[in-house]
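**Student:** Dropping a structure here in structure tokens format, bear with me for questions.
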Ligand SMILES: [Zn+2]
């Protein structure tokens, strides 16, 4: 698979296969697994999140609902953000709502031997902080001016979004081996039929 941006890969977890909507974020465990696969959480923190979800199932469901809501906003940004300033404004408010969450506090602490150490104390709601790296990735896309290169796959049956990093900026398919290949085969069939 070609390297994609974290936020775009996250948008693509809400998928359509053979005309059916397939959400790979079907539960909180799937969200944690996805974050682990994408190196947002290391194994230890992922295990901590799973334990916490067992103790606080309502909090975990709320975190999943929040992640899906953010995903919907990011899809809007990916599909329409480059062309509609109103959409950009609305999604920006959503991004800042997430970035404003306190994930923790940096401190300097005095130790017993009179030396000092920097410390990071996780604070606020640990569940709420899970999506921050995804939102930061979308914020980076805005800062770097990448939005104009973000596209939805040209296959009408495919909902994937991607960053077009080709030189001429004319990439049309999310993946040449799947959607691109199908389009090529369809063109060929049309030609053969005359
Ligand atoms: Zn596609």
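**Student:** Give me the distance between the Cα centres of segment 135-155 and segment 51-108, rounded to whole Å.
**Tutor:** Cα centroid of segment 135-155 versus Cα centroid of segment 51-108: 16 Å apart.
**Student:** Helix 43-55 versus the longest principal axis of the chain: what is the Cα-based angle in degrees, 0 to 90, to the nearest 10?
**Tutor:** With both axes taken from Cα atoms, the answer is about 80 degrees.
**Student:** Moving to a separate point now. Using alpha carbons only, how many degrees (0 to 90, rounded to 10) separate the axis of helix 85-99 from the longest principal axis of the chain?
**Tutor:** 30
**Student:** What angle do you read, to the nearest 10 degrees and between 0 and 90, between the alpha-carbon axis of helix 132-143 and the longest principal axis of the chain?
**Tutor:** 60
**Student:** Which log10 I(q)/I(0) values, to two decimals, does segment 1-116 give at q = 0.22 Å⁻¹ under the Debye formula with one point per Cα?
**Tutor:** -1.37
**Student:** If you don't mind, another one. Whole number please: convex hull volume per residue of the Cα set in the chain, in Å³?
**Tutor:** It comes to 163 Å³ per residue, whole-number rounded.
**Student:** How high is the relative contact order of the chain? Use alpha-carbon pairs under 8 Å, at least six apart in sequence, and give a whole percent.
**Tutor:** 22
**Student:** Okay, next question. Could you work out the percent of alpha carbon pairs in segment 99-169 separated by over 17 Å, rounded to a whole number?
**Tutor:** 66
**Student:** If packing is taken as the average count of other Cβ atoms within 10 Å, what order do 47-53, 130-136 fall into, highest mean first?
**Tutor:** Per-residue Cβ counts within 10 Å, averaged per peptide and sorted highest first, yield 130-136, 47-53.
**Student:** Also, quick follow-up: As a footprinting exposure proxy, order 184, 167, 191 by other Cβ within 10 Å, with the fewest listed first.
**Tutor:** Arranged by neighbour count, lowest to highest, 184, 167, 191 become 167, 191, 184.
FYI, it's all coordinate maths here, none of it is from the lab. Since this is a predicted model, take the numbers as computed values, not measurements. Note that we place each Cβ from the backbone using ideal geometry, even for glycine, and neighbour counts take in every protein chain shown.
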